[in-house]
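Colleague: Sharing a structure with you now.
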Amino acid sequence: MEYSIKSGDPAKQRTPCLILGVFAKRQLSPLAQQLDRASKGFLQRILKRGDMAGENGQQLMLYDVPGIQAERILLVGLGKPRELNRKRYAKIVRSVVKGLNEGHAIEAVLGLGEVEIDDCTLPQAIRETILSAEESLYRFTETKSDVKKPQRPLKRLGLFVQDRRHLKAAQRAQSQAQAIAGGVKLTKDLANLPGNICTPSYLADRARQLGREHGKLKVRILDEKQMAKLAMGALLSVSRGSRQPAKLIVMEYQGGKPGAKPVVLVGKGLTFDAGGISLKPSAAMDEMKYDMCGGASVIGTLKAGLEMELPINLIGVVPASENLPDGDANKPGDIVTSMSGQTIEILNTDAEGRLILCDALTYSERFEPAVVIDIATLTGACIVALGHQASGLMANNEALANELLAAGAHAGDRAWQLPLWDAYQEQLDSNFADMANIGGKGAGTVTAACFLSRYTKKFKWAHLDIAGTAWRSGTAKGATGRPVPLLTQFLLKRCGQ
Ligand code: BES
Ligand code: MN
Ligand code: ZN
């Protein structure tokens, strides 16, 4: 959809539909009050008839409102003013956009920009509006043959901002939000593809394609031979159980000063996780096509960063592999040697994410990174701990952890920190190798991060476990595009924006 910031006299907005807010107990929002005056009290008279009290979720379409240029006015209920928070606002935007898209207006102007949302500034509200609108319009149709499109889909949404002093910030928020939404969409599209289409090679091709679209992105793909030369024994041990060759996708964007240390994002790109010889139960195993969401979010974040032309040096590294049972697959008890030289006893072949990530993390040393952030659907235990609201965050540097927590809160894409205390490390002790790949009962998310921490000693590092946040199950099954909003906000802040 196209977005623009609208300003001027609201009564003179020429649009098929102007959307205005009404709070509970028939309280018109300030902008709606202004239009009420222009229409000589028409809106108040309608409300007095009792068709709409302004309860959260109510909508009322009005035609031929006198004294204004808009063809229709859509009144939307905002509920009690004090209870209007970001989450509720996002839900209202989703339902309004969905309704307009299925209805008749091709264009609309949203006059909700300056209503006060509890935990949100105007630029944040604009970002939330665009991301929520895009979310409600998103359909994954690539693998369907009979797609019914709405007859007159919503094509243009203006965002009305009355106070001229806010215009610049609003416009900046708009273009940032569109870039972020583009990154979220790419992430979802890649993640929603099934494992038989989205293989490691396919993911590599899509990264190459992004490189062709953006001259500033250099993409290199390492094949298994090159990875063997680098002695990536942990990563390659996982892909040995699969007929699809592993790929290491390396994307480099030089938006910052030459020589400035880059931010390196490392994303788990496990295109299907059956568990390997430690086979997973079959219930909902289809959802393990989402085990590449970390990698997809790295690709999506790079796309957003490119579109915003961020003045930063940014590198994406995505180890991509399948995890399947095979005659040549890892077996419980096998010992492999990682690129770092440390040996690993594989006690459970289903703890494969850390095996591919550890070599990608060691590989990242060569970029002399400012910071490294890895993003992975790493542990089911993270869903037990935090559910589907927050991503799990662990880090070897508190300042970096705080930056990411703040970025998540700002973007409405929250993370929550778990401890990475040394005391947990002994759960990884092995009688036969330098470490085991699982930490036994208890704190599964933390021990997974402990494992990774042994490969990140040379730089500032944070780990985001997105097992609970990257996709939804049930009837709304699908990728969420998280944590692209968190990561892009982190990058924007680092660029001083
Ligand atoms: N990809 C899974 C983690 C996962 C599970 C994400 C469920 C989302 C939903 C990961 O590779 C895995 O299998 N982890 C194991 C680790 C265990 C064997 C220590 C897990 O969480 O069960
Ligand atoms: Mn697994
Ligand atoms: Zn996995």
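Colleague: For the pair Ala53 and Glu102, how long in nm is the line joining their label points, each one 7 Å along Cα→Cβ?
Modeller: Result: 2.5 nm between the two label points.
Colleague: Quick check: residue separation of Lys441 and Gln209 times 0.36 nm, minus the Cα distance between them. What number comes out in nm?
Modeller: Numbers: separation 232, 0.36 × 232 = 83.52 nm, distance 4.27 nm.
Extra length from Lys441 to Gln209 when fully extended: 79.3 nm.
Colleague: How much accessible surface area, in Å² rounded to 10, belongs to the heavy atoms of Ile92 with a 1.4 Å probe?
Modeller: 10
Colleague: Per residue, how much accessible area does the chain show when a 1.4 Å probe rolls over the protein heavy atoms, in square angstrom?
Modeller: Ligands and nucleic acids excluded, the figure is 43 Å² per residue.
Colleague: 5 Å is the cut-off here: which amide hydrogens, built 1.01 Å from N in the peptide plane, fall below it relative to Lys280, excluding neighbours closer than 5 in sequence?
Modeller: When sequence neighbours closer than 5 places are left aside, the close amide H contacts are Gly275.
Colleague: Hey, how many Å between the Cα centroid of the range 163-231 and the Cα centroid of the range 66-138?
Modeller: Comparing the Cα centres of the range 163-231 and the range 66-138, I get a distance of 28 Å.
Colleague: Quick check on packing: order 136-146, 285-295 by the mean number of other C-beta atoms within 10 Å, highest mean leading.
Modeller: Numbers: 136-146: 11.8, 285-295: 24.2.
Highest-to-lowest ranking by the protection proxy: 285-295, 136-146.
Colleague: Calculated from DSSP H runs of 4 or more alone, at -39500 (n - 2.57) each and per residue, what is the 222 nm mean residue ellipticity of the chain, nearest 500?
Modeller: When only DSSP H runs of four or more count, the value is -10500 deg cm²/dmol.
Colleague: Please list 208-214, 192-198, 256-262 highest first by mean number of surrounding beta-carbon atoms within 10 Å per residue.
Modeller: Numbers: 208-214: 14.7, 192-198: 17.3, 256-262: 12.9.
Those peptides, ordered most packed to least, come out 192-198, 208-214, 256-262.
Colleague: Let me ask you something else. What is the dipole size for the range 180-494, taken about its Cα centre, with +1 at each Lys and Arg Cβ and -1 at each Asp and Glu Cβ, in debye to the nearest 20?
Modeller: For this selection, approximately 900 debye.
Colleague: Enter the angle in degrees (range 0 to 90, nearest 10) between the Cα long axis of helix 398-411 and the first principal axis of the Cα atoms of the chain, meaning the one along which they spread out most.
Modeller: The angle comes out near 30 degrees.
Colleague: Taking the Cβ of Ile197 as the center, what net charge do the other residues with Cβ under 12 Å away carry, scoring Lys and Arg +1 and Asp and Glu -1?
Modeller: My count for the surroundings of Ile197 gives -1.
Colleague: Considering the alpha-carbon set of the range 312-417 alone, what are its Rg and its Dmax in angstrom?
Modeller: Reported Rg and Dmax, both Å: 16.1, 48.
Colleague: Can you spot the aspartates and glutamates whose alpha carbon is less than 15 Å from Lys168's alpha carbon? Ignore those fewer than 8 places along the same chain.
Modeller: Counting by Cα, and skipping residues close in sequence, Lys168 has these aspartates and glutamates nearby: Glu114.
Colleague: State the answer as a single residue: which of Gly327, Gln342, Leu302 lies farthest towards the positive end of the charge dipole of the range 289-368, with beta carbon charges of +1 for Lys and Arg and -1 for Asp and Glu, about the Cα centre.
Modeller: The listed residue farthest towards the positive side: Leu302.
Colleague: For His463, His166, give me the order by solvent-accessible area with a 1.4 Å probe, most accessible first, ignoring ligands, DNA and RNA. Don't skip to the end; give the middle numbers.
Modeller: Numbers: His463 0, His166 70 Å².
These residues rank, largest area first, as His166, His463.
Colleague: Where the only charges are on Cβ atoms (+1 Lys, Arg; -1 Asp, Glu), what is the dipole of the range 2-161 about its Cα centre, to the nearest 20 debye?
Modeller: 340
Colleague: Is the shape of the range 287-374 rounded, prolate or oblate, going by the alpha carbon gyration tensor and its root eigenvalues a ≥ b ≥ c, with a/c under 1.5 for rounded and a/b larger than b/c for prolate?
Modeller: Since a/c reaches 1.5 but b/c is at least a/b, the shape of the range 287-374 is classed as oblate.
Colleague: Also, I was wondering about something else. In straight Cα distance, which lysines are under 19 Å from Lys458, not counting same-chain residues fewer than 8 positions off?
Modeller: Partners found: Lys261.
Colleague: So, in Å, what gap is there between the alpha-carbon centers of the range 361-382 and the range 429-470?
Modeller: Taking the Cα centre of the range 429-470 as reference, the centre of the range 361-382 is 11 Å away.
Colleague: Further, regarding this structure: State the percent of C-alpha pairs, over all pairs in the chain, separated by a distance greater than 40 angstrom.
Modeller: Tail fraction, whole percent: 27.
Colleague: Same structure, new question: What does the net charge come to around Pro258 if you take all other residues with beta carbon closer than 14 Å to its beta carbon, with K and R at +1 and D and E at -1? It would help to have the intermediate numbers written out before the result.
Modeller: Values: positive: Lys216, Lys218, Lys257, Lys261; negative: Glu252, Glu368.
So the environment of Pro258 carries a net charge of +2.
Colleague: Counting only residues 5 or more places away or on other chains, whose amide H sits under 5 Å from the amide H of Ala231 once H atoms are built in the peptide plane?
Modeller: Long-range HN contacts for Ala231: none found.
Colleague: Another question, if that's okay. Could you sort out which of Lys12/Lys303; Lys48/Lys155; Lys225/Lys331; Lys40/Lys87; Lys40/Lys80; Lys441/Lys493 sit more than 30 Å apart by Cα distance in this structure?
Modeller: Numbers: Lys12/Lys303 38 Å; Lys48/Lys155 33 Å; Lys225/Lys331 22 Å; Lys40/Lys87 34 Å; Lys40/Lys80 25 Å; Lys441/Lys493 38 Å.
From the list (Lys12/Lys303; Lys48/Lys155; Lys225/Lys331; Lys40/Lys87; Lys40/Lys80; Lys441/Lys493), the Cα-Cα distance tops 30 Å for Lys12/Lys303; Lys48/Lys155; Lys40/Lys87; Lys441/Lys493.
Colleague: Moving on to the next point. Please give the peptides 3-11, 416-424, 349-357, 376-384 ranked by average Cβ packing (other Cβ atoms within 10 Å per residue), highest first, as a rough proxy for protection.
Modeller: Highest-to-lowest ranking by the protection proxy: 349-357, 376-384, 3-11, 416-424.
Colleague: If one takes the longest principal axis of the Cα atoms in the chain, at what angle in degrees, from 0 to 90 and to the nearest 10, does the Cα axis of helix 86-102 lie?
Modeller: Roughly 70 degrees, rounded to the nearest 10.
Colleague: Now, a different point. Pairs of alpha-carbon atoms within less than 8 angstrom and 6+ residues apart define the contacts here; what relative contact order does the chain have, in percent?
Modeller: Computed over the chain, the figure is 13 percent.
Colleague: Please arrange Met1, Met52 by accessible surface area, largest first, computed with a 1.4 Å probe and ligands excluded.
Modeller: Met1, Met52
Colleague: Moving on. Could you give the dipole magnitude of the range 111-150 about its Cα centre, charging the beta-carbon of Lys and Arg +1 and that of Asp and Glu -1, in debye to the nearest 20?
Modeller: 440
Colleague: Oh, and also: Mind pulling the angle between the C-alpha long axis of helix 353-364 and the longest principal axis of the chain? Nearest 10 degrees, somewhere in 0 to 90.
Modeller: Its long axis makes an angle of about 90 degrees.
The values are calculated or read from the model by the stated rules, or taken from the named source; none is laboratory data. Just so you know, these numbers come straight off a predicted model, no measurement behind them. Backbone-built Cβ (ideal geometry, glycine too); neighbour counts: all protein chains shown. When the accessible area is computed, the model is the full protein with side chains, heavy atoms only, and any ligands, DNA or RNA have been set aside. Shrake-Rupley method; radii C 1.70, N 1.55, O 1.52, S 1.80 Å.
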